[in-house]
Amino acid sequence: MLIAQVSDLHVSPEKDHLHLFEQALSWLAHVNPDVLVLSGDLTDNHWLEGYQLIATRLRQQNYPSFILPGNSDNRRLMQSVWDKHSWAQDAPDDALHFTYDAGDLRLTGLDSTVEAQEYGSVTEHLE
């Protein structure tokens, strides 16, 4: 199984990072991963349109993708763009964890966001 991970897009109207994401997706088209994980800091300044543009591009890929919030992300906006089935439904405190079963492999993503902090922690979610 080939798992691709992209992190820290920081998409915003002031930066050309969406173009860089497009380049990464183009490269991944040649690699053809089994799954893609976007691990945090998708946008800057809670840019709703940025989340929508990222989601649109992910829906065009021929492999499943999963997202995790980072300290610069807004969970509520992310939930308004991606449906509730994008995350584990039994997560406490509105954490946006995910699980993905692929045969004998279970991929688990933990939301390490600590509200109003620039650091993250998975300590509360290890159970």
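With respect to S65, is the statement that it is under 12 Å from the mean Cα position of the chain (by Cα), more than 23 Å from W27 (Cα to Cα) and of a type in the set (G, A, S) true? Write out each step before concluding.
Details: under 12 Å from the mean Cα position of the chain (by Cα): yes; more than 23 Å from W27 (Cα to Cα): no; of a type in the set (G, A, S): yes.
Spelling it out, it is not the case that S65 is under 12 Å from the mean Cα position of the chain (by Cα), more than 23 Å from W27 (Cα to Cα) and of a type in the set (G, A, S).
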Per the filter on the range 22-37, residues farther than 12 Å from Q5 by Cα and of a type outside the set (D, E) are Q23, S26, W27, A29, H30, V31, N32
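Suppose the filter is charged (D, E, K, R) and in contact (Cβ under 8 Å) with a residue 60 or more places away in the chain; does D83 pass it? It would help to see each step written out before you state the result.
Working: charged (D, E, K, R): yes; in contact (Cβ under 8 Å) with a residue 60 or more places away in the chain: no.
No: the conditions fail for D83.
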Reported set for the range 83-102 where residues are surrounded by fewer than 12 Cβ atoms within 10 Å (Cβ to Cβ), over 19 Å from I54 (Cβ atoms) and either modelled with pLDDT of 85 or more or under 17 Å from the mean Cα position of the chain (by Cα) (or both) is Q89, D101
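Return yes or no: is L18 within 18 Å of I3 (Cβ to Cβ) and not in a loop (DSSP other than H, G, I, E, B)? If you could, list the steps in order and put the result at the bottom.
Working: within 18 Å of I3 (Cβ to Cβ): no; not in a loop (DSSP other than H, G, I, E, B): yes.
No, not satisfied.
The values are calculated or read from the model by the stated rules, or taken from the named source; none is laboratory data. As the structure is a computational prediction, the values presented were derived from the model and not from experiment. Heads up, the Cβs are rebuilt from the backbone with ideal geometry, glycines too, and the neighbour counts pull from every protein chain shown.
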